[in-house]
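Below: one structure, written as structure tokens.
What follows draws every value from the coordinates through simple rules; no lab data is involved. Not measured: the values here are computed from a predicted model. Quick reminder, even Gly has a Cβ in these numbers, built from the backbone with ideal geometry, and neighbours come from all protein chains shown.
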Amino acid sequence: MGWSIRLPIDHAFRLLNRNWSVPKGHELTGRCAQLLLLQGGTPVERRRQRDRVQPWRAWYKTSRWQKLRMSVLLRDLFTCQMRGCGRIEADTSQLVADHKIPHHGDEALFWDENNLQCLCKPCHDKLKQKQERASRFRD
Ligand SMILES: [Zn+2]
């Protein structure tokens with residue numbers, strides 16, 4: 001296990017502009033560092049960094065998640081739960097099991113069926129954009 005480095009956001013972006021990358025065996029933590037890693041490097045590097053800083057990404061690839069996701073879509077009758085939308089979508093690839101409270105790697109929140117809702121893709125993407133903007137201000 002390497003070190004953990006916490007970076008303030010302006011520092012992170014300064015490093016990013018210098019094409020800085022994480023030294024081998026070291027790890028960046030914190031949401032600012034995540035932002036940095038998600039934006040720097042080659043696509044392959046970015047993917048590797050993402051998996052390292054966001055190990056929960058692998059949870060989406062488990063059959064446990066596939067089952068949970070489908071049970072949520074079914075429970076919500078393939079209907080988008082966004083207020084004012086209510087779209088019914090037969091193509092489940094166009095539906096997202098969305099975490100109402102962002103889990104940020106919290107296992108309890110991630111796997112909690114009551115924290116999940118069925119959203120159509122357009123609503124989901126709009127919501128994520130809004131949340132991302134909000135979290136950028138928090139950082
Ligand atoms: Zn919708």
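Applying the selection to the stretch 79-107, what residues are in contact with a helix residue (DSSP H, G or I) (Cβ under 6 Å, 6 or more places away or on another chain) and loosely packed, with under 13 Cβ neighbours inside 10 Å?
Passing the criteria: only ILE101.
Within the stretch 55-78, can you find the residues that are more than 16 Å from the ligand (Cβ to nearest atom), loosely packed, with under 13 Cβ neighbours inside 10 Å and over 14 Å from the mean Cα position of the chain (by Cα)?
Once the filter is applied, which keeps residues that are more than 16 Å from the ligand (Cβ to nearest atom), loosely packed, with under 13 Cβ neighbours inside 10 Å and over 14 Å from the mean Cα position of the chain (by Cα), the stretch 55-78 yields THR62, SER63, ARG64, GLN66, LYS67, LEU74.
State all residues of the stretch 104-135 that are within 17 Å of TRP65 (Cβ to Cβ) and more than 16 Å from the ligand (Cβ to nearest atom); if no residue qualifies, say none.
Of the residues in the stretch 104-135, the ones within 17 Å of TRP65 (Cβ to Cβ) are 104-119, 124.
Within the stretch 104-135, HIS104, GLY105, ASP106, GLU107, ALA108, LEU109, PHE110, TRP111, ASP112, GLU113, ASN114, ASN115 qualify.
Before we move on, is VAL72 at negative phi, β-branched (Val, Ile, Thr) and part of a helix (DSSP H, G or I)?
Working: at negative phi: yes; β-branched (Val, Ile, Thr): yes; part of a helix (DSSP H, G or I): yes.
Criteria met by VAL72.
Which one of these does ILE101 not meet: (1) outside any loop (DSSP other than H, G, I, E, B); (2) among the aliphatic types (A, V, I, L, M); (3) more than 16 Å from the ligand (Cβ to nearest atom)?
So ILE101 meets the others, but not (1).
Quick one: count up the residues across the stretch 78-92 that are within 9 Å of CYS118 (Cβ to Cβ) and part of a helix (DSSP H, G or I). Outline the logic, then answer.
We begin by selecting, within the stretch 78-92, every residue within 9 Å of CYS118 (Cβ to Cβ); these are 78-81, 89.
This time we only want the ones that are part of a helix (DSSP H, G or I), so: none.
Total meeting the criteria: 0.
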